[in-house]
Amino acid sequence: MKAVVVLFPGSNREGDAVRALEMATGKKPQIIWHAETELPAGTDLVLLPGGFSYGDYLRCGAIAGRAAIMDAVRAHAARGGLVLGICNGFQILCEGGLLPGVLMRNRDLRFICKMQNLRVERADTAFTRAYSKGQVIKVAIAHGEGNYEADEETIKRLEGDGRVAFRYCDESGLVNDATNPNGSTNGIAGIYSQKMNVLGMMPHPENLIDPLVGGIDGAGLFKSLIAA
Amino acid sequence: MQSQSVEITPQLVAEHGLKPDEYDRILKLIGRAPTLTELGIFSAMWNEHCSYKSSRLHLRKLPTKAPWVIQGPGENAGVIDIGDGQACVFKMESHNHPSFIEPYQGAATGVGGILRDVFTMGARPIACLNLLRFGAPEHAKTRHLVSGVVAGIGGYGNSFGVPTVGGSVNFHTRYDGNILVNAMAVGLAKSDEIFYAKATGIGRPIVYLGSKTGRDGIHGATMASASFEADAEEKRPTVQVGDPFSEKLLLEACLEIMAKGCVIAIQDMGAAGLTSSAVEMGAKGGLGIELDLDKVPCREEGMSAYEMMLSESQERMLMVLDPAKEAEAEAIFIKWGLDFAIIGKTTDTKRFVIKHKGKIEADLPIMELGDEAPLYDRPHVPTPKKPVIDASSVTPPKSNADALVHLLGTPDLCSKRWVWEQYDHLILGNSVQQPGGDAGVIRIGDGPKGLALTTDVTQRYCEADPVEGGKQAVAEAWRNITASGALPLALTDNLNFGNPEKPEYMGQFVGCLEGIGEAARALDFPIVSGNVSLYNETQGRGILPTPSIGGVGVIADVNKSASVAFKKAGQSIILIGETKGWLGQSVYLRDLCGREEGAPPPVDLAAERRNGDFVRKLIESSRVDASHDLSDGGLAVAFAEMAMAGKVGAKLTMDLGATPHAILFGEDQARYLLTATANEAQKILADAKAAGVPAAIVGTTGGDTIDLPGEKSVAIERLIRSHEDWLPNYMAGRDASSAA
């Protein structure tokens, strides 16, 4: 598994992503500067980390979504290569045309950082095979704009095609308004591309890889990827 | 050619916050009338905020040295050695006045400023904390201010990418017109790679880095040095606007050029902007500085020398560069998309020379700008001692259990989750103990070493008895760190007081400093950095004296750090320290009896040290599995907090004597609650006896209720509801009284 992490001006969780990938793969992923136009040969996974690329100015992810490196990322995805966008990375994937929909401001208009239960909607993808279907995992969320919205038809298609990766839920896996921290449609916390090789998600599995710091429920995602 | 177009009138002098005798001092110093730019420079350098003219005399008495102190007060931040070639760089600073005027930007730029202080020294910021004081919840502006300040702190820190791991939030009517926003930043550096402001070498380039200069924040530091009158709203234009994105780029670019060895001296442009940063670099190095303002990157056209020298635009740095590495440094800044401009040079004249459009706008002696700033020994009167309140004179509640439920839902004691969930406290993946406990504990890199961090002060104690209150603030910060299992090493202070020209407020300042010094000496907890904020009053009424203490401790193995939560049923609960039932200035007396009265609890520093050292050893040797220090609300509140945190109940079995409410809610100092197995607890009692530490088994964990002697059981869920509901209800404008 050769992984790279893309660094945009204003990215700030790249170190956390590097740590999680290193823990899973045993080697440090390469960091790629946003102004590059090519990915290193043999790249299997491109990770777009969390943060506030370009200060979230204009719209979250809008400027980064048009960065030079994104053409290479789009080409990589089109070839079936794996792409994981976490938090701001998810916003960049939506703005960059790799995933549908948009991340709006949280329902109550406040940034929110807390532990959150997620339901794993399917366990047969490159990202989730170390989990089981319907499993409830506890990961961190830390965002001001994680409220996923798309037009009705897109939502219907995402749901129909099984492209919802994770939903916000309670400890028992129940998904409803009370378990939804940001107002996302259908409690959506992450979605796949049509070919299931691109995953965008608001929560931070990279911060849940250590029993001393909150738990290890995020490690499964990285374990899944090395098996890919 | 000397620029002189504006006549310096007494009115203009007064508008610059300079007293007539201070202006006479300027005339004597330079032998002529100053130019307008020069007047502005003096005003910036000689205001209270930059010159510490009322406080310097007293600050000198504080203990600032220890074998592990690398850099004490006087630089951008304090530096301590934490072993293994690592240094911890930290400081706390206030942004009180701007935050009252424009809460979001005021608080945001407060965070930005303190982060810059830390990374200017070559340290990567790894944690932030804060201490906030708001007016009474009933006050019309409070909700708006809480909302804006919290969003501003989060908005800046979250984007910059540093976890906010701790803080303190209180409410009191004395802050109605003057809130406190104190922000602390903590960074990590190599102990032999610290960068300082002292310029060396003659003819070296002075480089301007970061964002462009605009007209924002002109005279911010002067505003911070005056009392608020009814015109506070009109001062909005003096508040700066923060850009955390630029700051993040500035951080990365600065650390990169530092690593490449390009930097000789560096200073951030904080209060009084270009003026104070340039003067400090020159004065510290005994050199002159010459600046050509035509080279300064400006955001707006037509800015005058006066405006450029006094702008407080954010995210800017000044640096003396190694001339051989100029191209390398510039390339790094261009890569990060930041301005890089050579705007001057060091000279051997010891003069501060400002050129603009071919004219000399200022030519001043650089050393005297700082050294000759006025120094005042302001008259001060000690605060009269308050009577000790006898517990038997304080009305007991109908039910101690109901009183406890009520207290947990009061503005000061309630859960501040609504606040800290707006701060990213998890980024960097090292937050071992998150907000809500005694201290934030963060792992350093891959560990096992860690830092324990806290901010604290009990302002009602300081108001009642400044000396004891000052001691208590230091002791409580020390105790918070100890209760997490770490060794307290050093502190930063942020001294928020009223008008120093009034002897009673100056007396509070002097008294608190005496207490802080005494406690810091007794606990080997030196002051390595700090900030003084005076004139915190509105229309003649001072705030409660609030010397915020930010403490830093080191723990050798974060795996061993103790949290407040009860871990499981069947554990013995041990109370360390002596409980007499001190109700004077307690939250019980204030919030349940409506009496803000009496002498505060005395602080026995020898007992603090003895009890704390004993507790720390127990945690280090993993003999206890939960630990919490006792503070506001005393034994009962600490007991409930441990139960709520672990969702494990407990039964208190100690004899409460004739005044149970005093034993339960008294705020005697130097106390901790611990849990251990029944066997281990007996051994701990024996060891405590041998060490001369008062200790007793006071209860057992288990169940899902709290049981106080002679009282009905209270479900933990009910405690949690009372504790958690008040702040969200208040912020949503809902009536919170039904929650308890």
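The values are calculated or read from the model by the stated rules, or taken from the named source; none is laboratory data. In this text the structure is predicted, and so the values were computed from the model without any measurement. Please note: Cβ atoms are built from the backbone with ideal geometry, for glycine as well, and neighbour counts cover all protein chains shown. In case anyone asks, the SASA skips ligands and DNA or RNA and just uses the protein heavy atoms, side chains included. Shrake-Rupley method; radii C 1.70, N 1.55, O 1.52, S 1.80 Å.
Odds and ends about this structure:
- Average accessible surface area per residue within chain B, 1.4 Å rolling probe, Å²: 33
- Principal-axis tilt of helix B:142-160 within chain B, Cα atoms, nearest 10 degrees: 70
- Per-residue SASA remark: B:Y52, around 60 Å² accessible (1.4 Å probe; ligands, DNA and RNA not included).
- Shielding score for B:145-152, defined as the mean number of other chain Cβ atoms within 10 Å: 1
- Estimated FRET transfer efficiency when R0 is 41 angstrom, pair B:R541-B:R734 (beta carbons, to 0.05): 0.85
- Prolate/oblate/rounded call for chain A, Cα gyration tensor, a/c under 1.5 rounded: rounded
- The protein assembly as shown shape via C-alpha gyration tensor axes, a/c threshold 1.5: oblate
- Distance between the pseudo-spin-label points of B:K335 and B:D613 (7 Å out from Cα toward the beta carbon): 5.0 nm.
- Spacing of the modelled spin labels on A:A123 and B:R721, each 7 Å from Cα toward Cβ, amounts to 3.7 nm.
- Aspartates and glutamates with Cα under 12 Å of B:K398, excluding same-chain neighbours fewer than 8 positions away: B:E711
- Dipole of chain B, positive end: most advanced residue of B:N96, B:S55, B:N559 [Cβ charges, Cα centre]: B:N559
- Solvent-accessible ranking of B:M654, A:M115, A:M23, largest area first, probe 1.4 Å: A:M23, A:M115, B:M654
- Given R0 = 45 Å, the distance between the Cβ atoms of B:K560 and B:E138 translates into a calculated FRET efficiency of 0.50.
- Estimated dipole of the stretch A:3-227 in Debye, rounded to 20 [Cβ of Lys and Arg +1, of Asp and Glu -1, Cα centre]: 280
- Length released on extending from B:K689 to B:D371, taking residue separation times 0.36 nm less the Cα-Cα span: 109.1 nm
- Only lysines eight or more places from B:K689 in sequence, or on another chain, were considered; those with a Cα closer than 16 Å are B:K617.
- Solvent-accessible surface of protein heavy atoms, probed at 1.4 angstrom with all chains present, puts A:E121, B:E312 in the order A:E121, B:E312, largest first.
- A:D108 contributes an accessible area of around 70 Å² to the protein surface, as traced by a 1.4 Å probe with all chains present.
- Ordering A:148-156, B:556-564, B:115-123, B:530-538 by mean Cβ neighbour count within 10 Å, with the highest value first, yields B:115-123, B:530-538, B:556-564, A:148-156.
- Label point 7 Å beyond Cα of A:R66 along Cβ direction - residues of the stretch A:82-116 with amide nitrogen under 13 Å: A:95-97
- Approximating the spin labels as points 7 Å out from Cα along Cα→Cβ, the A:E22-to-B:K325 distance works out to 2.4 nm.
- Modelled FRET efficiency - R0 56 Å, B:K568 with B:D294, Cβ distances, 0.05 increments: 0.20
- Inter-centroid distance (Cα atoms) of the stretch B:284-358 relative to the stretch B:470-487, Å: 42
- For the protein assembly as shown, a crude dipole built from +1 on the beta carbon of Lys and Arg and -1 on the beta carbon of Asp and Glu, taken about the Cα centre, is about 1580 debye to the nearest 20.
- Sequence of B:K355, B:K502 when ordered by accessible area, the most exposed leading, probe 1.4 angstrom: B:K355, B:K502
- Chain B, accessible surface, carbon-and-sulfur percent (1.4 angstrom probe): 51
- Counting, for every residue in B:418-427, the Cβ atoms of other protein chains within 10 Å of its Cβ and taking the mean gives 6.
- Per atom type, the stretch A:3-227 shows carbon and sulfur on 50% of its accessible surface, probed at 1.4 Å.
- Computed accessible area, B:T9, all protein chains, 1.4 angstrom probe, square angstrom: 50
- Think of the protein assembly as shown as having a plus end and a minus end, set by charges on the Cβ of Lys, Arg, Asp and Glu; of A:Y57, B:L544, A:S172, A:S172 sits farthest toward the positive end of this dipole.
- Accessible surface, the stretch A:3-227, averaged per residue in Å² (probe 1.4 Å): 37
- Interface residues of the stretch A:192-228, defined as a loss of at least 10 Å² in heavy-atom accessible area between the chain alone and the complex of all protein chains with a 1.4 Å probe, are A:N207, A:D210, A:L212, A:V213.
- Heavy-atom accessible area, 1.4 Å probe, ligands and nucleic acids excluded: residues of the stretch A:70-111 down by at least 20 Å² from chain alone: A:R110, A:F111
- Buried area at the A-B interface (accessible, heavy atoms, 1.4 Å probe, summed, Å²): 2300
- The stretch A:167-209 and the stretch B:148-166 have Cα centres lying 24 Å from one another.
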